[in-house]
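Right, one structure below, let's go through it.
The values are calculated or read from the model by the stated rules, or taken from the named source; none is laboratory data. Keep in mind that this is a model prediction, so the values were computed, not measured. In this analysis, Cβ positions are derived from the backbone assuming ideal geometry, glycine residues included, and neighbour counts consider all displayed protein chains.
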Amino acid sequence: MVRVLIGVPKQVKRDEPFEVKLLISHPMESGQRRDAMGQAIPRDIINSFVCTYNGEEVLRAELFPAIAANPFLSFAVVAQESGTLEMRFTDDHGVVQTETVRVTVG
Amino acid sequence: MSQSGDYGIDGRCQAALFALLMLLASACLAQEKRSGYQDASPETRAMQDDDAANPGFLWVQQGEALWSQRATGTLGSCADCHGSAPITMRGVAARYPMFDQKLGRPITLAQRIQQCRVERQGDTPLRPEGDALLGLTAYVGLQSRGMPMAVAIEGPARAFFESGKALFATRQGQLNLSCSQCHDGLAGQRLAGSVIPQGQPNGYPEYRLEWQGMGSLDRRIRNCLVGVRAEPLAPDAPELANLELYLGWRANGLAVETPAVRP
Amino acid sequence: MLRRRFMVMAGVGLVVPLAPIHAVHATPAEVAALIAELVGEGEVRDGRVRLDLPVMVENGNSVGMTVSVDAPVGELRSIDVFAEGNPLPHVARFRFGPRAGAPRVATRIRLATSQTVIAVAKLADGSCWRDSVDLLVTLAACID
């Protein structure tokens with residue numbers, strides 16, 4: 001389980017796009033570096049991300065080693081009713097982590 | 001301001017005094033105190049300005065969780081004694097490093113946190129430069145954000161301050177450079193593609209793009225020493241705390257920016 | 001002697017490893033091939049995509065990037081980003097779903113060296129649009 005920070009406005013308006021900001025604590029080891037002994041440090045990144053709102057897809061991303069450490073993502077969501085924003089991301093070991101946030105549509 | 005026809009002995013004395021004051025002022029302030037924030041690119045500054053986009057807040061979040069955590073077998077969490085950090089820790093980080101009466105020397109905020117853990121919480125010390133200690137230090141540091149640095153150097157701290165100040169001006173390492181040569185004398189000019197900052201400590205612990213992570217002032221100073229190919233100071237070396245005491249005083253008046261973002 | 005050895009070890013330990021495993025960077029031809037594969041039968045035209053990246057990059061470890069497309073969000077299918085000078089040229093692929101609120105996405109990327117970064121957007125009608133930025137990546141004066 002990695003640390004995640006999700007920034008979502010407290011209240012959003014129906015049909016009005018709102019910004020979601022996501023920060024994930026992860027080194028995103030590119031696989032390009034060598035350690036002090038000259039050994040290759042194996043690749044270890046979060047390679048995919050899916051965001052849904054009340055089950056409907058917002059954004060799906062395939063991430064590669066060129067995504068910076070402690071990945072940051074910012075994108076807009078549009079909602080008609082209050083609900084749950086779900087973010088699911090998978091790393092190179094196949095570990096899936098899911099984070100949810102309640103969104104109130106006023 | 002005197003009128004043009006009014007210059008006499010008084011006017012000349014005034015002018016001489018004014019010139020003398022300007023000379024004195026320029027000798028003390030080689031340049032105005034400037035946070036590293038101002039030497040960073042607009043993009044890096046934007047990263048710091050938005051709490052939702054500042055990676056340092058991943059560590060602050062961890063620190064906030066640790067603040068209320070009480071490990072089994074220990075005497076209590078930070079919160080058990082200190083209550084709500086935004087209230088009780090307000091302005092605290094701005095005064096560190098601080099002279100510790102019992103130890104008889106200055107200690108950094110991270111050292112104080114470790115001291116609390118061992119002596120008052122009955123817990124084990126956290127790993128230096130580890131995420132947990134950085135997180136707690138950043139969380140406490142955040143409670144001083146926006147407030148001016150206010151490090152005290154009078155009384156028993158004075159001797160340690162002078163020692164740190166002397167170290168700052170001492171040439172060392174294979175490159176035979178002192179901190180002062182770059183960070184006083186050449187601040188604002190460029191080294192390779194980067195602007196040389198004044199080396200102010202007002203944003204620590206900070207997220208450094210070069211580290212791809214969070215780090216302490218200890219780490220930054222050790223990197224500088226390796227950079228001039230000098231012997232790096234051990235993590236708990238008293239010289240490190242003395243130097244940080246001097247750096248803190250040197251930054252007095254600058255706003256705390258923890259958690260800062262730097263290139 | 002011991003002291004000097006310690007210094008060297010400490011120095012080696014603290015210096016960010018520099019030796020890459022693959023070729024130092026991809027080539028424009030490789031990226032062109034990847035784009036051709038993405039675009040398929042059609043052609044890719046300049047325009048309608050805006051790739052926001054600083055021209056002078058302060059540190060290649062983390063560079064803020066925003067890609068936005070001049071099209072209704074409902075018509076935007078995907079955005080791909082490529083870096084011609086990175087060891088691995090494909091940076092990311094973003095696919096937009098029905099709940100997407102705006103035709104844009106922002107993230108932070110790593111750039112190995114001064115190079116050209118290219119964004120390609122695919123719309124619902126099958127058309128492909130591109131934008132590119134030539135940027136300078138400066139190395140940090142003090143490594144680590």
Item to check | Options B:ILE107, B:ILE87; residue that is touching a Phe, Trp or Tyr at 6+ places or on another chain (Cβ under 9 Å) and β-branched (Val, Ile, Thr) | outcome: B:ILE107
Checklist entry - How many residues does segment C:39-61 hold that are within 12 Å of another protein chain (Cβ to nearest Cβ) and either closer than 13 Å to C:ILE79 by Cα or in a strand (DSSP E or B) (or both)? => result 3
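What do you reckon, is A:ALA61 at the interface with chain C (Cβ under 7 Å from one of its Cβ atoms), under 23 Å from B:GLY56 (Cα atoms) and at pLDDT 95 or above? Step through it out loud before you land on a result.
Values: at the interface with chain C (Cβ under 7 Å from one of its Cβ atoms): yes; under 23 Å from B:GLY56 (Cα atoms): no; at pLDDT 95 or above: yes.
For A:ALA61, the condition - at the interface with chain C (Cβ under 7 Å from one of its Cβ atoms), under 23 Å from B:GLY56 (Cα atoms) and at pLDDT 95 or above - is not met.
From C:THR138, C:THR113, C:THR107, which residue is within 14 Å of chain B (Cβ to nearest Cβ) and surrounded by 18 or more Cβ atoms within 10 Å (Cβ to Cβ)?
Details: C:THR138 fails: surrounded by 18 or more Cβ atoms within 10 Å (Cβ to Cβ); C:THR113 fails: surrounded by 18 or more Cβ atoms within 10 Å (Cβ to Cβ).
Exactly one of C:THR138, C:THR113, C:THR107 is within 14 Å of chain B (Cβ to nearest Cβ) and surrounded by 18 or more Cβ atoms within 10 Å (Cβ to Cβ), namely C:THR107.
Would you mind stating whether A:GLU56 is within 8 Å of chain C (Cβ to nearest Cβ) and either touching a residue at least 24 places away in the same chain (Cβ under 8 Å) or within 30 Å of C:ASN86 (Cβ to Cβ) (or both)? First the steps, then the outcome.
Numbers: within 8 Å of chain C (Cβ to nearest Cβ): yes; either touching a residue at least 24 places away in the same chain (Cβ under 8 Å) or within 30 Å of C:ASN86 (Cβ to Cβ) (or both): no.
When the stated conditions are applied, A:GLU56 does not pass them.
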Checklist entry - Can you find even one residue in segment B:138-147 that is at pLDDT 95 or above and over 30 Å from B:SER68 (Cβ atoms)? => result no
Item to check | Members of segment B:59-99 that are surrounded by 14 or more Cβ atoms within 10 Å (Cβ to Cβ), among the β-branched types (Val, Ile, Thr) and at pLDDT 95 or above | outcome: B:VAL60, B:THR88, B:VAL92
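Name every residue in segment C:63-79 that is of a type outside the set (Ser, Thr, Tyr) and more than 9 Å from every other protein chain (Cβ to nearest Cβ), in order of residue number.
If the condition is that a residue be of a type outside the set (Ser, Thr, Tyr) and more than 9 Å from every other protein chain (Cβ to nearest Cβ), then C:MET65, C:VAL67, C:VAL69, C:ASP70, C:ALA71, C:PRO72, C:GLY74, C:GLU75, C:LEU76, C:ARG77, C:ILE79 are the ones that fit.
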Item to check | Residue that is more than 7 Å from chain C (Cβ to nearest Cβ), of a type in the set (S, T, N, Q) and in contact (Cβ under 8 Å) with a residue 60 or more places away in the chain, where the choices are A:THR104, A:THR84 | outcome: A:THR104
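Select from segment A:3-44 the residues that are over 21 Å from B:MET47 (Cα atoms), surrounded by 15 or more Cβ atoms within 10 Å (Cβ to Cβ) and away from chain C (no Cβ under 11 Å) and list them in ascending order.
Scanning segment A:3-44 gives A:GLU29, A:ASP44.
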Checklist entry - Which residues, taken from segment B:35-45, are surrounded by 14 or more Cβ atoms within 10 Å (Cβ to Cβ) and over 21 Å from the mean Cα position of the chain (by Cα)? => result B:GLU43
Checklist entry - Among the strands (runs of 3 or more DSSP E) confined wholly to segment C:87-144, which include 3 or more residues that are within 30 Å of B:GLY227 (Cβ to Cβ), in contact with a helix residue (DSSP H, G or I) (Cβ under 6 Å, 6 or more places away or on another chain) and not charged (D, E, K, R)? => result none
Checklist entry - Only one residue in B:SER216, B:SER194 is within 14 Å of chain C (Cβ to nearest Cβ), surrounded by fewer than 23 Cβ atoms within 10 Å (Cβ to Cβ) and within 20 Å of B:MET47 (Cα to Cα). Which one? => result B:SER194
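Taking segment A:3-21 only, how many residues are assigned to a strand (DSSP E or B) and touching a Gly at 6+ places or on another chain (Cβ under 9 Å)?
Looking only at segment A:3-21, we keep the residues that are assigned to a strand (DSSP E or B), and these are A:4-7, A:11-12, A:18-21.
Of the ones still in play, those that are also touching a Gly at 6+ places or on another chain (Cβ under 9 Å) are A:11-12, A:18-21.
So the answer is 6.
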Item to check | Qualifying residues in segment A:70-100 (those that are within 15 Å of C:PHE94 (Cβ to Cβ) and more than 11 Å from the chain's Cα centre (by Cα)) - the one surrounded by the most Cβ atoms within 10 Å (Cβ to Cβ) | outcome: A:VAL77
